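One structure is given below, encoded as structure tokens.
The values are calculated or read from the model by the stated rules, or taken from the named source; none is laboratory data. Fair warning: this is a prediction, and the values are worked out from it, not measured in the lab. Cβ: placed from backbone, ideal geometry, glycine included. Neighbour counts: every protein chain shown. Just so you know, the surface numbers come from the protein's heavy atoms only, side chains and all, with ligands and any DNA or RNA stripped out. Shrake-Rupley method; radii C 1.70, N 1.55, O 1.52, S 1.80 Å.
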Amino acid sequence: GNELKTRLVVDCTGHSKAFVKYEEGREPGVQAAYGIECDIEPGTYPFPLDEMLLMDYRDVHMQTSSGESTESETVPTFIYVMPTNAGRVFFEETSLIANPAVPFDDLKRRLYKRLDLWGTKILKVHEEEFCYIPMGGAMPVC
């Protein structure tokens, strides 16, 4: 192959390992999140609409069975909430870091269980968010 000389190389391949060699070592953990921007029935969101809710790890919604309680203790998740007005809110259920990553279907299930517990009524989902961010792991080799 050809050899190129440069002072700086910027790798924009993301978390793919197709083009980069890594030191032997641990696989990265993953931050995963599932979110929705949605219209809600006004009055069904239980917190102040002029405040964001950040990293709320309360897990009352996961206490309906011993299996769910164990799941929540083993793989905790939290919620971010960003109301934009009385009828539109962004909700995101997040696993800070896990290996393997928490599946999106599990995050979605937990989010809707939490909203159900709160009595929050979803009228229309405008956008879904699927977030997958590798965290840590082995360093690339030159």
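Annotations
- Residue match in region 123-131 (condition: over 13 Å from the mean Cα position of the chain (by Cα), within 30 Å of residue 9 (Cβ to Cβ) and either open to solvent by less than 60 Å² (accessible area, probe 1.4 Å) or touching a residue at least 24 places away in the same chain (Cβ under 8 Å) (or both)): no
- Single residue of 109, 114 found to be without any contact (Cβ under 8 Å) to a residue 12 or more places away in the chain and of a type outside the set (Phe, Trp, Tyr): 109
- Some residue of region 94-113 being among the charged types (D, E, K, R), crowded, with 17+ Cβ neighbours inside 10 Å, in contact with a Leu (Cβ under 6 Å, 6 or more places away or on another chain) and at pLDDT 95 or above: no
- Residue within region 14-29 that is open to solvent by less than 20 Å² (accessible area, probe 1.4 Å) and in contact with a helix residue (DSSP H, G or I) (Cβ under 7 Å, 6 or more places away or on another chain) present: no
- Being within 15 Å of the chain's Cα centre (by Cα), closer than 20 Å to residue 135 by Cβ and surrounded by 10 or more Cβ atoms within 10 Å (Cβ to Cβ) is a property that holds for residue 79.
- Residue within region 44-58 that is free of Cβ contacts under 8 Å to residues at least 40 places away in the same chain, open to solvent by 30 Å² or more (accessible area, probe 1.4 Å), in contact with a Leu (Cβ under 7 Å, 6 or more places away or on another chain) and more than 24 Å from residue 28 (Cβ to Cβ) present: yes
- Spans of strands (runs of 3 or more DSSP E) in region 59-142 with at least 3 residues farther than 30 Å from residue 20 by Cβ and β-branched (Val, Ile, Thr): 78-85
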